[in-house]
């Protein structure tokens, strides 16, 4: 009995980790709307954000179903406070310059795509269906972010320096994607989600290949930040949520 | 109760809100039409998960069927299998081209970055003919165009900027 109960909770947590990561990154990327360096990039960023928010609706919708307390995707997105969010720390990093935004996207996409591929084999058919749908979209995200990291890394002296600086800043936030805790282990044992470290070989290989092509060097440091998946966030997330949740908090259940 | 074939004919008249020259059945997003007792159930699959047209499409389908006198109606969403541009009706491809949108070239979806990079390194990039002049001298401007389902291209010969309905 207690085992079954734990697995239900793990499922809710695992789905929030996926949905909160796509939500927070989607919101971050949408902050560029109207501000990107060129029109085509503005549109591309908005489209990527839109895909991520769409995927959030599916993940958090299913999380609400799994929880069984009547919360839908909107309730989870707009009425939880910062400590209830389970997103990766990487995605809550502020946008910085265009290079930092793209580097963050690439480091995430390089995890997101193999993660979704592995989720297609989930023992839960609802998760497999969402992963199959999202995976097709994310393949395009990865193609774009990798392409731009290479072009800007292996670009001018200025673009190279900005991309290297972005990589140095963001690198300590990448380890969390492949770290396991009890929730991950319970989900992996039940065949519901892959063990996070099983994504590591693909992430390592792809990131090494793209960075080498981009003439960029991953920092030597091994220290990695953690805690986002358990609800311990940097101060940046609270500020972002204050903007994102303002309307639903000021006017609960507002519709138009 | 109305014949299902009749319902399909009605749905074939419901235009896609973003690309009104093709219908929701041309697009391949109506996955099933069936009766559950005396309620007509229309099953629709979304194109892209964040596509803002999805709710408009459902609204247009409901409006069209209600206008034909269908009273008991339910719309359901099906994710599996995920929508693919392979499901575009053959006539829809010609309609897209005539409308100025290059139709998808089958089997060229993003297979992940590795395939894309190999294409780039070997110069075997995707050739998308210009829907205006037919020239194959075209270039990709951006992976993402005016909607998530399209990429932005430009013809080097006639200089026309155009959308390419990319494979997914």
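Key figures
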| quantity | calculated |
| --- | --- |
| Count of residues meeting criterion [under 22 Å from residue A:118 (Cβ atoms) and either touching a helix residue (DSSP H, G or I) at 6+ places or on another chain (Cβ under 8 Å) or in a loop (DSSP other than H, G, I, E, B) (or both)] in the range A:210-245 | 5 |
| Residue match in the range A:49-62 (condition: more than 11 Å from every other protein chain (Cβ to nearest Cβ), crowded, with 24+ Cβ neighbours inside 10 Å and not in a loop (DSSP other than H, G, I, E, B)) | yes |
| Extreme residue, farthest from the other protein chains (Cβ to nearest Cβ), among residues of the range B:24-37 that are surrounded by fewer than 15 Cβ atoms within 10 Å (Cβ to Cβ) and in contact with a strand residue (DSSP E or B) (Cβ under 9 Å, 6 or more places away or on another chain) | B:35 |
| Residue within the range B:15-23 that is modelled with pLDDT of 90 or more and within 14 Å of chain A (Cβ to nearest Cβ) present | no |
| Of the criteria (1) closer than 24 Å to residue B:53 by Cα; (2) within 12 Å of chain B (Cβ to nearest Cβ); (3) at pLDDT 95 or above, which one residue A:76 fails | (2) |
| Long-range neighbours under 6 Å by Cβ, at least six apart or interchain, first residue closer than 19 Å to residue A:53 by Cα within the range A:244-256, second not in a loop (DSSP other than H, G, I, E, B) | A:244/A:27; A:245/A:78; A:248/A:78 |
| Which numbered condition residue B:40 misses (of (1) touching a strand residue (DSSP E or B) at 6+ places or on another chain (Cβ under 6 Å); (2) within 30 Å of residue A:49 (Cα to Cα); (3) not in a helix (DSSP H, G or I)) | (2) |
| Considering residues of the range A:24-47 that are more than 12 Å from the chain's Cα centre (by Cα) and touching a residue at least 60 places away in the same chain (Cβ under 8 Å) only, the residue farthest from the other protein chains (Cβ to nearest Cβ) | A:31 |
| Complete set of residues in the range B:38-56 that are surrounded by 13 or more Cβ atoms within 10 Å (Cβ to Cβ) and more than 14 Å from every other protein chain (Cβ to nearest Cβ) | B:39, B:40, B:41, B:42, B:56 |
| Selection from the range A:136-185 of residues that are more than 25 Å from residue A:50 (Cα to Cα) and within 14 Å of chain B (Cβ to nearest Cβ) | A:153, A:154 |
| Subset of the range A:121-135 that is more than 20 Å from residue A:24 (Cα to Cα) and within 10 Å of chain B (Cβ to nearest Cβ) - its residue that is surrounded by the most Cβ atoms within 10 Å (Cβ to Cβ) | A:129 |
| Search result, residues across the range A:67-103 that are surrounded by 21 or more Cβ atoms within 10 Å (Cβ to Cβ) and either closer than 14 Å to residue A:13 by Cβ or without any contact (Cβ under 8 Å) to a residue 12 or more places away in the chain (or both) | A:76, A:85, A:86, A:87, A:88 |
| Boolean, residue A:145 is in contact (Cβ under 8 Å) with a residue 24 or more places away in the chain and over 21 Å from residue B:148 (Cα atoms) | no |
| Residue ID - surrounded by the most Cβ atoms within 10 Å (Cβ to Cβ), chosen from residues in the range A:178-209 that are free of Cβ contacts under 8 Å to residues at least 60 places away in the same chain and within 19 Å of residue A:128 (Cβ to Cβ) | A:196 |
| Residue within the range B:11-32 that is more than 13 Å from the chain's Cα centre (by Cα) and under 25 Å from residue A:62 (Cα atoms) present | yes |
| Members of the range A:210-223 that are under 22 Å from the mean Cα position of the chain (by Cα) and either surrounded by 14 or more Cβ atoms within 10 Å (Cβ to Cβ) or within 15 Å of residue A:102 (Cβ to Cβ) (or both) | A:210, A:211, A:218 |
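The values are calculated or read from the model by the stated rules, or taken from the named source; none is laboratory data. Just so we're clear, the structure is a prediction, and the values are computed from it rather than from any experiment. Cβ atoms come from the backbone with ideal geometry, glycine included; neighbour counts cover every protein chain shown.
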